[in-house]
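Note sheet for the following structure.
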Amino acid sequence: MVVLISFVRKGNAPMRDKTHQAPSDPCGKGFFHAWRALLTILALIAVGCSAPAAVTPRPTVAPSLAPTVAPTLAPTAASVDFPITLTDDEGTQLTLSEEPDSIVSLTPATTELVFALGAGDRLKGGTDFDDFPPEAVGLPDVATFTGVLIEKVVDIDPDLVIAGGNNFTSAADIDRLRGLGLTVMVIYAPTVAAVLDDIQLVGDAIGASAEAQAMTAAMESRIDEVSGAVASLAKPRVFYEIGNEPEIFGPAPDSFVANMVELAGGDAVTTTDPAVFSIPLERLVSEDPEVIVLGDAAYGVCPDNVLSRPGWSSITAVRDGDVRPVDDIVVTRPGPRLGEGLAALALTIHPEAEIAAPTAGAQLCTSAPAASPSP
Amino acid sequence: VSVRAATTTAAHARPVWLERVRHRPALLLALGVVGLLATVVAGVVFGSVTIPVGDTLAVLANRLLGWPLDRSIPETTQTIVVELRLPRVLTAMAVGTALSLAGATFQGLLRNPLADPYVLGTASGAALGAAIAVLLPIQVALLGLGLLHLFAFVGAIAAVAVVYRMSRLGALSSLTSVLLTGYAIGSLLAAGLAMTMYVAGSNLRQIFFYLLGSFSLASWPQLAMALPIIVFGSILIFSRARSLNALLLGEETATHLGIDVRRDRLILLAGATLVTAASVAVSGLIGFVGLVVPHLVRLVVGPNARLVLPLSATFGAAFLGLADVVARAPGELPVGVVTALLGAPFFLYLLRHYRTGYEL
């Protein structure tokens, strides 16, 4: 009998954010005994399944030790020769004997990335929540909120599977795929700087090193531009609302979102603990944010809704009307549009900053406010 | 036992087909076996990838019976049929058997129609064990079995062991106290589970899906670990079918009938706990099957455990196997949803049309 013991980033993951976990609505799918129903409710409350924010998958989130770090480019050879051996973000070594002809992506961020690196035609399977670029929507769905459709992946028989770390793709699914002989690369970026490293890693794996290098260089200069533009401005206290049902959800300390807020020239109002994602209204009121950014704007929450929330009127941002929407997907998805997402976030926090308008992300809440969220 | 007299008066209300099969348990068993075979075929033919039925059957015949492949079939198709679908349908059937047997046993043992395999804290124990395993920073892989399966198994057995010790089920104790002890221990463990989930952070999803129950990750090594335990536990239960009948009359009567109540109760409890623990370890928590399949069988053939046990085992296997096939159709629906959606209306139909005086 072979006993294999490995230490992996599991329960002690330095950074967790549950908001990425619930891309679709698992609510109401159960038939349980009474106690199980209770547990289900607990689980859903904890996941925030009915919170609008939970609709968006966000694979990456982790603490940044140096929020203002200027990401550095990994020096890479102009071209990478296959076979190549790479180490993924969970420390697993994988060898690709030749440039992968067929690729399966199990996160929307990596789907977007593979397309942006010009290898979209080699992508044979994606997730049911891929939404960008438009071509990605039509990809066969091999991953859903409930897990990976192993059978479909085996049927595609890809040369490379790109999965999300920190439980975005469940460890059991990754083990199963590897057990069936597939090459699985796990991607997980806890910080903005790590996203750039991941782009290079994916580029190397799919034979697009040069494209990845150009992309990270452009993103780096965009990030520098944004950081430079907001450096001289006062840092307002910023609350980035991830969701508001059934509780108010915001960034945990040192999380990816908090990292983005800091880079965009804000002082992030966070929850009390890296493992906690809901923030009591009491704490929000006492932290008194000067700007509230509505990451849940994509799900129908607009400034008008916030201004009328009971108990919120004493918050400076609400009193002064500094409650603004942002397209959450470009801000929190660790993909090729992150530089533009940072620009969008910086302009949301500092509308006066001299930053070129972002080329990605939707304008939200521009017309009549969407349906108001339930109480 | 008192059911027969009560029901003859209501005989005219029964549908004819039910009346016909009622006195022919052998026919029912044969029907069940046909159902099992149909389930295996359905389980390998249907899935998220469409594979021609001919190809599927050819692969099966090749692997199981050694028939040569008469056409070229892609390697991926063979992997899907042999490594994914076959262990999956067999695991679902094994778990269906286990839960139905355990349900029938607990219902008889506790003389309580609401007893199910999880009644003495198995579910909460297994769930807490699984949740703790998810949170531990180490990962042990033993032939495809993770720490989660091991902890779930141990948790289920530990919960029942504690209930057994605390309620002194071995003596001629009151069944009410056993049930309430089980409920109390279960609640305590459920609170521990809720606490674990609260601190689980990004691991919450894993725990959540364990609680929903699924066969989507079934594999040969898992089945190879669970099946011997389920078979052993089932043999224990079958060997005490006579005692189960006697216990329905009450402990005192059973003693007068020459049954060693203390010993046989322990054997039945051990068997039912083993099969339940093995099931929850491989598939998570799946409700409804263990509660309702034994009742369905009793509604048709009456309360004799010697008929109820084999028929529950057979129909439980077919029912859960088919429910899992249905669950795959729209992607991956939790199988517990399907068992209830399919089973509850049928159960209600039988309850309404068949017997008026139904008791355990």
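The values are calculated or read from the model by the stated rules, or taken from the named source; none is laboratory data. None of these values were measured; they are calculated from a predicted model. So basically every Cβ, Gly included, is an ideal-geometry build from the backbone, and we count neighbours across all protein chains shown.
Condition check: modelled with pLDDT of 90 or more and either closer than 19 Å to residue B:334 by Cα or over 22 Å from the mean Cα position of the chain (by Cα) (or both). Does residue A:173 satisfy that?
Details: modelled with pLDDT of 90 or more: yes; either closer than 19 Å to residue B:334 by Cα or over 22 Å from the mean Cα position of the chain (by Cα) (or both): yes.
Judged against the criteria, residue A:173 is a match.
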- Query: Quick one: in segment A:231-245, which of the residues that are out of contact with any Phe, Trp or Tyr (no Cβ under 6 Å at 6 or more places or on another chain) and crowded, with 22+ Cβ neighbours inside 10 Å is farthest from residue A:291 (Cα to Cα)?
  - Reply: A:244
- Message: Restricting to segment B:109-133, count the residues that are assigned to a loop (DSSP other than H, G, I, E, B), surrounded by fewer than 24 Cβ atoms within 10 Å (Cβ to Cβ) and of a type in the set (A, V, I, L, M, F, W, C).
- Response: 1
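One line per residue, one yes/no per condition, for (1) under 22 Å from residue A:332 (Cα atoms); (2) in contact with an Asp or Glu (Cβ under 6 Å, 6 or more places away or on another chain):
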{"residue": "A:152", "(1), (2)": "no, no"}
{"residue": "A:155", "(1), (2)": "no, no"}
{"residue": "A:160", "(1), (2)": "no, no"}
{"residue": "A:168", "(1), (2)": "yes, no"}
{"residue": "A:198", "(1), (2)": "yes, no"}
{"residue": "A:207", "(1), (2)": "no, yes"}
{"residue": "A:232", "(1), (2)": "no, no"}
{"residue": "A:236", "(1), (2)": "yes, yes"}
{"residue": "A:246", "(1), (2)": "yes, no"}
- Message: Here's a check for you: in segment A:132-143, which residue that is surrounded by fewer than 16 Cβ atoms within 10 Å (Cβ to Cβ) and under 23 Å from residue A:341 (Cβ atoms) is nearest to the other protein chains (Cβ to nearest Cβ)?
- Response: A:137
- Message: From the list B:320, B:311, exactly one residue is within 17 Å of the chain's Cα centre (by Cα) and over 19 Å from residue B:241 (Cβ atoms). Which is it?
- Response: B:320
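Give me the residue from segment B:63-96 that is among the charged types (D, E, K, R) and within 14 Å of another protein chain (Cβ to nearest Cβ) and, out of that set, nearest to residue B:316 (Cα to Cα).
Per the stated criteria, the residue is B:88.
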- Residue list for segment A:98-131, restricted to those being closer than 23 Å to residue A:81 by Cβ and either within 14 Å of chain B (Cβ to nearest Cβ) or part of a strand (DSSP E or B) (or both): A:102, A:103, A:123
- Query: Would it be correct to say that residue B:242 is more than 11 Å from chain A (Cβ to nearest Cβ), over 19 Å from the mean Cα position of the chain (by Cα), part of a helix (DSSP H, G or I) and crowded, with 18+ Cβ neighbours inside 10 Å?
  - Reply: no
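When you go through A:234, A:268, A:258, A:212 one by one, which is the residue that is more than 30 Å from residue A:316 (Cβ to Cβ) and of a type in the set (A, V, I, L, M)? Step through it out loud before you land on a result.
Details: A:234 fails: more than 30 Å from residue A:316 (Cβ to Cβ); A:268 fails: more than 30 Å from residue A:316 (Cβ to Cβ); A:258 fails: more than 30 Å from residue A:316 (Cβ to Cβ).
Unique residue meeting the criteria: A:212.
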- Query: Any residue at all in segment B:184-206 that is buried (at least 16 other Cβ atoms within 10 Å of the Cβ), within 11 Å of chain A (Cβ to nearest Cβ), within 20 Å of the chain's Cα centre (by Cα) and modelled with pLDDT of 90 or more?
  - Reply: yes
- Item | Odd one out for residue B:79 among (1) in contact with a Leu (Cβ under 9 Å, 6 or more places away or on another chain); (2) in contact (Cβ under 8 Å) with a residue 12 or more places away in the chain; (3) assigned to a helix (DSSP H, G or I) | (2)
- Condition test on residue A:343, is it within 24 Å of the chain's Cα centre (by Cα) and more than 18 Å from residue A:258 (Cα to Cα)? no
- Message: Residues that are surrounded by fewer than 24 Cβ atoms within 10 Å (Cβ to Cβ) and under 30 Å from residue A:354 (Cα atoms): does segment A:169-176 have at least one?
- Response: no
- Of all residues in segment B:207-234 being more than 8 Å from every other protein chain (Cβ to nearest Cβ) and free of Cβ contacts under 8 Å to residues at least 40 places away in the same chain, which is nearest to the chain's Cα centre (by Cα)? B:231
- Message: If a residue counts only when it is of a type in the set (Asp, Glu) and more than 14 Å from every other protein chain (Cβ to nearest Cβ), which helices (runs of 4 or more DSSP H) contained entirely in segment A:144-234 have at least 1 such residues?
- Response: A:192-205, A:209-231
- Check segment B:323-333 and report whether any residue there is crowded, with 19+ Cβ neighbours inside 10 Å and more than 14 Å from chain A (Cβ to nearest Cβ). no
